[in-house]
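Remarks on the structure that follows.
The values are calculated or read from the model by the stated rules, or taken from the named source; none is laboratory data. Please read these numbers as outputs of a predicted model, since none were measured by experiment. All Cβ positions, glycine included, derive from the backbone under ideal geometry; neighbour counts span all protein chains shown. For accessibility, only protein heavy atoms count, side chains too; no ligands or nucleic acids. Shrake-Rupley method; radii C 1.70, N 1.55, O 1.52, S 1.80 Å.
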Amino acid sequence: MILQRIIGRGAVGNQFYGFARRTIVSGGSNDTPTDASSTAASHGAASKPENKVNAEQTKKSSSVIRDADIKKSVFISQSYDIFTNLALEDWLYKNFDFSHHHVLLLWANEPCVVIGRHQNPFTEANVSKLMDKGITIARRNSGGGAVYHDRGNLNCTFFTPRERYNRKYNLNILTRALFREWAIKADINERDDIVINNKKISGTAAKLGRPNAYHHCTLLASTNKENLGDSLIKEEANYVTNATASVRSPIKNLCDVNRTVNVSQLLSAVGYEFLRTVATELEDGGNIQTMKQRGFQLINPTEKWFPGISSLRNEFGSWDWVYGRTPKFNVKKELYLKVEDKSHKIILNVEVEKGIINNINIIMPNNEEVPVVSGLQNKPFNEKNLNGIITALKLVSTDNVKQAINGV
C-alpha cells in the first residue's frame, strides 16, 4: 500500500532504493559511491578519515548553505528490531554528513519498552514481568522518559547538523501532516509533546552533538494501550535514585480520533509533509518542492549497507548497556515479621550499583542496621531476585528474628 502510493506520487521505488545504499555506504558523500567491502567494519565508517564528518567544516558551511541547496530524504527502516533500529540511528548520527542533506528516518518495532539514557529501568517498568511476556527492554542514547513501542507506533528521527536543529520545526511537520491527511487538529504543549485534548499522542527526546544532532519522537497510531499501561507499572517498592524519572501522561491513539488512521498511511503522510516543506522554514513548497528531493528510500540496516552496525547492535542489546548503565540506587521495602504473635515492621534495604546487588541489610524496629547474607549478593538485580530475598527473610527462624529485634 505504501509503495503504490509513493510511486503514484512520482517517486520511483527502485531508483531511490539503489541510491540510498550508495549514499549510506559512502559514509556521507552525496554523489560518489563507495563499495561496502572497502569500508572499515568497526563502528561504521568512522575509522576511515575520509568518512568522518568534519565538525568545523560543517559549522562554517551551514551558515551559508541556502535552503535550495539542501536535499531531503525519507529513510524507511525495514527492521522491526529495537536494537537494530537504535544502532541504525546511532550509525547515521556518527557517520553521515547532513550539511547538504537532511534526513527523516521512519521506523517501528515489535513490542518493547525503551528508556532514556539516564533512566533506571526498574523505576519505569517491572522488568521481570516484561521478560516473562517477551517484551524487550532497551536503553536509547538520548535523554527523556520511558516509552512503549509496538507495530502500532511510528517512530520519527529528524537528522540535521547541530546548527540547524529545530525541534519546533520537526513537531510542526507532524501536526501539519495530521491536519492535511485527516483534518486532525493537534497541539504542541510546553513539554514539546504533541497532544489532542490534553492527551498525549507523541513524546520527544533528542541527542545534540557536534557536528550532528537528531530529534526523535513517537506517534501513537493504534498502539495496544492495555499492553502500554501494563508495561510501565513498576514493582511496589521505594526506589531511591537520582535517575531521570518519566512524567506520566494520559495518552490517546490517533485511530481513536479518526478510525481510518493506520501506521502505513501515517508513515506516508509524515514523509510527504517532510519532503514538501522547505529545509529550515515551515513553508509549504507543494509537489514542486517534493520532486526536488530524494524521496522515500527503503533502508536495510545490515552490515553490508552499514559496516559496523552489527557491533553497535550488540552494544545496544548488551546487559552492560541496558542494565549496567543504570545509576546507583537503593530499594527499600517494608516487611512484617511475626515474633510471639506480634508483628514487627522491618525495612529491607538493597543497594544496587551498575545493575548488581551490592549490599543487603535490614533496618530493625530499634533502627539498628543488620547485614543480610544472601546467595543473591553480587548477582544482577531484578524484581524476581528482590522477591527471592524477601521470601528468604520470611523463612528466618523466630529465634533469630527475636535476637535481632532485641539487639542480641
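With only Cα atoms counted, region 330-375 has Rg and Dmax values of 11.9, 40 Å. Size descriptors for region 272-359 (Cα atoms only): Rg and Dmax, in that order, 27.3, 84 Å. Considering only alpha-carbon pairs that sit under 8 angstrom and 6 or more positions apart, the relative contact order computed for region 295-347 is 17 percent. D by Stokes-Einstein for region 74-141, Kirkwood Rh over Cα pairs, 25 °C, 0.890 mPa s: 182 µm²/s.
Debye sum, Cα scatterers, region 123-183, no solvent: what log₁₀ I/I(0) at q = 0.23 1/Å? Debye curve over Cα of region 123-183, log10 I(q)/I(0) at q = 0.23 Å⁻¹: -1.09. The slack in the chain from residue 179 to residue 131, taken as 0.36 nm per residue of separation less the alpha-carbon distance, amounts to 13.5 nm. Quick check: pseudo-label points 7 Å beyond the Cα along Cα→Cβ at residue 374 and residue 330, how many nm apart are they? For residue 374 paired with residue 330, the spin-label model returns 1.5 nm. From the largest down, region 228-334 spans 65, 42, 27 angstrom on the principal axes of its Cα atoms.
Taking each residue as 0.36 nm, the span from residue 118 to residue 340 lengthens on full extension beyond its C-alpha to C-alpha distance by 75.3 nm. Within region 301-360, the GluC sites (Glu not before Pro) that combine a DSSP coil assignment with at most 14 other C-beta atoms in a 10 angstrom radius are 303, 340. Along its three principal directions, the equivalent ellipsoid of region 139-256 from the Cα gyration tensor extends over semi-axes of 24, 21, 12 Å, largest first.
A compact globular protein would have a Cα radius of gyration near 2.2 N^0.38 Å; the ratio found for region 245-290 is 1.58. Site pair residue 166 and residue 300 shows an inter-label distance of 3.6 nm when each label is modelled 7 Å from Cα along Cα→Cβ. 3J(HN,Hα) along region 286-293: x, 5, 5, 5, 4, 6, 7, 8 Hz, from the Karplus curve 6.51 cos²θ - 1.76 cosθ + 1.60 with θ = phi - 60°, whole Hz, x for Gly and Pro. Based on the Stokes-Einstein relation at 25 °C and a viscosity of 0.890 mPa s, and on the Kirkwood radius from alpha carbon pairs, region 247-403 is assigned a translational diffusion coefficient of 113 µm²/s.
The local environment of residue 318, defined by Cβ-Cβ distances under 12 Å, has a net charge of +1 under the rule Lys, Arg +1 and Asp, Glu -1. Estimated at the nearest 10 Å², the accessible area of residue 325 is 110 Å² with a 1.4 Å probe.
Counting only protein chain heavy atoms and rolling a 1.4 Å probe, the accessible areas of 99, 246 rank, largest first, as 246, 99. A simple count of charges around residue 279, restricted to other residues whose Cβ falls under 10 Å of its Cβ and scoring Lys, Arg +1 and Asp, Glu -1, yields 0.
In this simple spin-label model, placing a label point 7 Å from the Cα along the Cα-to-Cβ direction at both residue 287 and residue 236 gives a separation of 6.1 nm. Shown here for region 183-252: trypsin sites (Lys or Arg not before Pro) in loop regions (DSSP other than H, G, I, E, B) with at most 14 other Cβ atoms within 10 Å, namely 185, 191, 248.
Per-residue extension of 0.36 nm, minus the Cα-Cα distance of residue 100 and residue 67, leaves a gain of 11.0 nm for this segment. Along each principal axis, taking the top coordinate minus the bottom one, the Cα set of region 170-238 gives 43, 38, 21 Å in descending order.
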